[in-house]
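To start, the structure under review is shown below, and the notes come after it.
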Amino acid sequence: MAEVGAPLAVPSGKFGWSVGALGWAMLLLLTLRAILTIDPYYDTFAYHLPFAGRLAGLCDERCFRMHDYGEAIYAGFPRLFHRLQALMWRLSGSPQALDLLTIAALALFAVFLRQSFGVPAGWTLLALLAVPLIQIHATSSYIDLPLNLAAAAV
């Protein structure tokens, strides 16, 4: 039995390296998808992009006002990640850049697990990206994945 805090024993050699490389390759492919497309999901256009656009100053309440329920959601959402999205949109000039923050959060979580628990980052990425919902959220403007990864890190 391994002691608590000891590095995880993972296969080394060609197999261990290839699994890690596959995880990073999957992340690279998702990054390309995020750059080349904008996700078509309902929540993106219903409130995530408008929230980020309003925080970036691209549009104010006069040019885009959601229904009362949507405005209540906007007032109640934590704004930190939407502010980061707004900054990315402002700096890049492209709404697709918002998705890169989610990819970065996934990579940072893998690095965090590597530094804290010795789990190879590529293995973490491969394991997380094996979950279909994580694959979907990794290339979307949703804030769920980054916030859940932050909560998992805490």
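Rule-based calculations on the coordinates, nothing more; no lab input. The shown structure was predicted, so the numbers you read here are calculated from the model rather than taken from an experiment. Cβ sites come from the backbone with ideal geometry, for glycine too, and all protein chains shown count toward neighbours.
Quick notes on this structure:
- The loop-placed trypsin sites (Lys or Arg not before Pro) in the range 60-154, going by DSSP, that have at most 16 neighbouring Cβ atoms within 10 Å of their Cβ come out as 62, 65, 79.
- Among 149, 24, 124 - extreme Cα towards positive end, dipole of the chain, charges at beta-carbon: 24
- Residue among 87, 44, 69 farthest towards the positive dipole end of the range 36-98, charges placed on Cβ: 87
- Taken about its Cα centre, the chain carries a charge dipole of about 340 debye when Lys and Arg each add +1 at the Cβ and Asp and Glu each add -1 at the Cβ.
- Computed E for residue 32/residue 63 - FRET, C-beta separation, R0 25 angstrom, nearest 0.05: 0.20
- Taking each DSSP H run with n ≥ 4 as -39500 (n - 2.57) and averaging over every residue of the chain yields -20500 deg cm²/dmol at 222 nm.
- [x] 47, 42, 28; [y] 43, 35, 21; [z] 60, 32, 26, with the label sought being that of the calculated Cα extents along the principal axes in Å: [z]
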